[in-house]
Structures are given as C-alpha cells and as structure tokens.
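Right, one structure below, let's go through it.
The values are calculated or read from the model by the stated rules, or taken from the named source; none is laboratory data. Remember, it's a predicted structure, so these values are computed and weren't measured experimentally. Cβ coordinates were reconstructed from backbone atoms using ideal geometry, including for glycine residues, and neighbour counts include every protein chain displayed. Just the protein is used for accessible areas: all its heavy atoms, side chains included, with ligands, DNA and RNA removed. Shrake-Rupley method; radii C 1.70, N 1.55, O 1.52, S 1.80 Å.
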Amino acid sequence: MSPETHMATARPAKRMKRKTLYIIATFVSLLAYGLLLTLSHGQQWLVWPALGAALLGVVFACLWVTALDEAALQAHYIAWFWGGSAGLLLSMLVFVSVILRPVAFATALAPLGGDETFAAGIVVGVTPAVLGYAIWWVVLWLRRG
C-alpha cells in the first residue's frame with residue numbers, strides 16, 4: 001500500500017473517531033447538566049457547575065460540527081435554515097396570537113407564576129425551531145438513501 005493510499009484511508013478513520021468522541025462528550029456533558037440541575041433543587045450552588053457542564057456540551061457540539069464532512073455539514077445547514085425557519089414561523093404565530101388575544105390563553109397561563117410563564121415563552125420560542133431542524137435533517141438523510 002502506498003503512503004498516499006494509507007493517508008487517504010487514515011484521515012476518514014481519524015475524523016470518525018473524533019466525531020464519535022465529540023458526540024459522546026456532548027451527551028455526557030448534557031447528562032451532567034441535567035443531573036446537576038436536578039440536584040440543584042436541594043443545593044442551589046450546583047446551578048453553577050450545571051451551567052459549566054452545559055457550556056462544555058456546547059463546546060463539544062461545536063467541535064463535532066467542525067469534524068463533519070462537507071455533505072453532512074451542508075445537510076445540517078439546510079436543515080437549520082429550512083426546518084428552523086419553519087419552526088420559528090410557528091413560534092411567531094403563537095406569540096402573535098398571545099399578543100392579539102391574551103384572554104384566549106389566560107386559562108392556560110393562570111396556574112403559572114411569572115417565572116414559569118417566562119420559561120414557557122422561551123420553550124415555545126426554541127422548541128419548534130429545534131423540532132423543525134430535526135425533522136428536516138431526518139428527511140434529508142432519508143432522501144439521501
């Protein structure tokens with residue numbers, strides 16, 4: 001086997017190992033975040049290590065993206081643009097509905113306090129965009145074969 005052929009086959013294997021390592025590190029960081037956040041109800045100081053674990057998860061996710069090949073990276077860009085845009089449109093429709101007809105949502109929001117209402121607004125703003133991205137990404141990869 002020539003050195004050029006060996007290098008060509010070694011690079012994808014190294015990239016795959018890095019991607020796998022980054023994916024595992026991202027999930028471990030997010031699991032640590034969830035665990036620390038759950039435990040922080042009894043120990044308030046655990047919120048700070050939880051946020052640190054979440055930040056590490058973001059760093060590992062960014063490193064994972066840099067290890068993607070061009071086709072996978074392009075699929076994620078397209079999925080974020082179209083799926084995320086569709087999800088944000090849905091979020092905006094919900095927000096406009098709440099602003100134009102707040103009475104229609106009063107019974108749903110009545111049991112929530114100010115903190116919970118704020119958190120619910122963030123979830124309604126982010127969740128449809130992430131779900132739209134995930135759906136679009138799955139469709140792209142299923143079409144790819």
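For this structure, a couple of remarks:
- Taking each residue as 0.36 nm, the span from LEU31 to VAL47 lengthens on full extension beyond its C-alpha to C-alpha distance by 4.4 nm.
- Percent accessible area from carbon and sulfur atoms, the chain, protein chains only, probe 1.4 Å: 76 percent
- Leading residue at positive end of dipole, the chain (Cβ point charges), from VAL94, ILE78, MET16: MET16
- Mean separation of Cα contacts under 8 Å (6+ apart) over length of the chain, as relative contact order %: 26 percent
- Seen from every direction in turn and averaged, the convex hull around the alpha carbons of region 43-145 projects onto 9.2 nm².
- Fully extending the segment from GLU70 to LEU131, taken as 0.36 nm per residue of separation minus the present Cα-Cα distance, adds 19.7 nm.
- Helical segments meeting 27 Å axial Cα length and Kyte-Doolittle 1.6 threshold in the chain (DSSP H): 47-66
- Solvent-accessible ranking of LEU88, LEU109, largest area first, probe 1.4 Å: LEU88, LEU109
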